[in-house]
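See below for the structure under consideration.
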Amino acid sequence: MFPFKLHRQTLQHAPMHGVNGNCQQTVIACLLNKEIDEVPHFAEGLDFSRAKESGETFNQRIADYLATQNLQEFLLAYEGMSLKDVLKTTSGQNPKVPMIIGVRGSRSVNHSVIAYGGVIVHDPHGPVQEDYEPLDCGHCDQYHVSILVPTQFGEV
């Protein structure tokens, strides 16, 4: 049905118990048609109460791993739009391009899901919801749309 695997995340986000969820690891494994344990847990050991430092490390870990796969993340941030409009904008011209969407889920934590054909098709936490909110970025609320693209030009 989809040109990628569907996995459920193996770690639910519970920072009060010292556990960072692995939704980003899971959605990247899905899109690369890999098993979860073949992709690093990018949030492992990070303290997200120190948001700037941990966010930078998290993003660098993702970039470093994707480079080993000859890929890079192309990220767009959308503020002031509904999720429906974001999906229409991004997928309207690219209906066969799977995308990682950064949202805030029902547990009020930042989360990653997969969109394909203009709709959310997979939530690694559980059933796809109707009420995803924008990410809590600290100073603004945004939806992040990431597309994994081949690295064609080498080191910059």
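The values are calculated or read from the model by the stated rules, or taken from the named source; none is laboratory data. For clarity, every value in this text was computed on a predicted model and none was experimentally measured. Glycine gets a Cβ as well: all are built from the backbone with ideal geometry, and neighbour counts include every protein chain shown. These area figures cover heavy atoms from the full protein model, side chains too; ligands, DNA and RNA do not enter into them. Shrake-Rupley method; radii C 1.70, N 1.55, O 1.52, S 1.80 Å.
Summary table
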read-out: Among the residues listed as 11, 31, 6, the single one being under 12 Å from residue 122 (Cα atoms), hydrophobic (A, V, I, L, M, F, W, C) and surrounded by fewer than 18 Cβ atoms within 10 Å (Cβ to Cβ); value: 6
read-out: Positions within the range 127-151 being surrounded by fewer than 17 Cβ atoms within 10 Å (Cβ to Cβ) and either in a loop (DSSP other than H, G, I, E, B) or more than 15 Å from the chain's Cα centre (by Cα) (or both), in sequence order; value: 127, 128, 129, 130, 131, 137, 138, 139, 140, 141, 150, 151
read-out: Answer residue from the range 86-126, given it is more than 11 Å from the chain's Cα centre (by Cα) and of a type in the set (S, T, N, Q) and is most open to solvent (accessible area, probe 1.4 Å) among those; value: 93
read-out: Members of the range 130-144 that are touching an Asp or Glu at 6+ places or on another chain (Cβ under 6 Å) and at pLDDT below 90; value: 140
read-out: In the range 12-36, the residues that are outside any loop (DSSP other than H, G, I, E, B) and within 22 Å of residue 115 (Cα to Cα); value: 23, 24, 25, 26, 27, 28, 29, 30, 31, 36
read-out: Residue match in the range 75-83 (condition: under 22 Å from residue 40 (Cα atoms) and within 14 Å of the chain's Cα centre (by Cα)); value: yes
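Matching residues to (1) out of contact with any Phe, Trp or Tyr (no Cβ under 9 Å at 6 or more places or on another chain); (2) surrounded by fewer than 12 Cβ atoms within 10 Å (Cβ to Cβ); (3) free of Cβ contacts under 8 Å to residues at least 40 places away in the same chain:
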position	(1), (2), (3)
44	yes, no, yes
49	yes, yes, yes
58	no, no, yes
67	yes, no, no
72	yes, no, no
84	yes, yes, yes
